[in-house]
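S.K.: Sharing a structure, written as structure tokens. Questions coming.
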Amino acid sequence: MSAKYEDALPVKNGSLNMITNSHAAFNPKLIKDKLKTGGYFISQQVGALNNYSLSCFFDSDYVPAYPDNTLLKKVADFQNLGFEILLTKEAQPSMTFFDIGAIIYYASIIPWEFPDFSVDHCLSQLTQLDQLIQNDGSVTTKEDRFILVTRKM
């Protein structure tokens, strides 16, 4: 939820027992406003460094689109609002590509991680990756995920 969507929700402040969120942006202050005392906020997020090495391979000047989307930053945001932090967990699972077509498809559907990606623009990097796949059988990158469970005090 981005701030503009939260503002438009036809939900009274202090009326919800739980808010869940998966991968969307959110505003901790607006979540606090919507939750009842004792209400829970549960979110699973894609962290700022998702596919960072692959994104940098295509663009050496790459900067994550959402650099503040880290577990540490979100925990601090909620603690500063008086929330109890019930669960935090991070994971950096591997994502392995076995052919260059999969990389091309993946990079083309998430432009916030691969800005200005196109086959023409990235042909030399794609050629290098294809050679790595031919030699090693695959190319691996790291995902960035975290979960946060809080309770409004």
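S.K.: Just one of Leu123, Leu49 is over 19 Å from Ala24 (Cβ atoms) and at pLDDT 95 or above; which is it?
M.R.: Result of the check over Leu123, Leu49: Leu123.
S.K.: Examine the stretch 139-150 for a residue that is more than 21 Å from Asn27 (Cβ to Cβ) and modelled with pLDDT under 95, and state whether such a residue exists.
M.R.: Checking the stretch 139-150: not a single residue is more than 21 Å from Asn27 (Cβ to Cβ) and modelled with pLDDT under 95.
S.K.: Looking at (1) within 30 Å of Ala107 (Cβ to Cβ); (2) at pLDDT 95 or above, which is the one condition that is false for Asn27?
M.R.: (2)
S.K.: Can you tell me which residue is surrounded by the fewest Cβ atoms within 10 Å (Cβ to Cβ) among those in the stretch 15-35 that are among the aliphatic types (A, V, I, L, M) and assigned to a strand (DSSP E or B)?
M.R.: Met18
S.K.: Just checking: which of the strands (runs of 3 or more DSSP E) contained wholly in the stretch 36-153 hold 1 or more residues that are surrounded by 13 or more Cβ atoms within 10 Å (Cβ to Cβ) and of a type in the set (Asp, Glu)?
M.R.: Per the criteria, 84-91.
S.K.: Since Pro64 meets every condition but one in (1) in contact (Cβ under 8 Å) with a residue 12 or more places away in the chain; (2) farther than 30 Å from Leu132 by Cβ, which condition does it not meet?
M.R.: (2)
The values are calculated or read from the model by the stated rules, or taken from the named source; none is laboratory data. The structure presented is a predicted model; accordingly, all values stated were derived computationally and were not measured. So basically every Cβ, Gly included, is an ideal-geometry build from the backbone, and we count neighbours across all protein chains shown.
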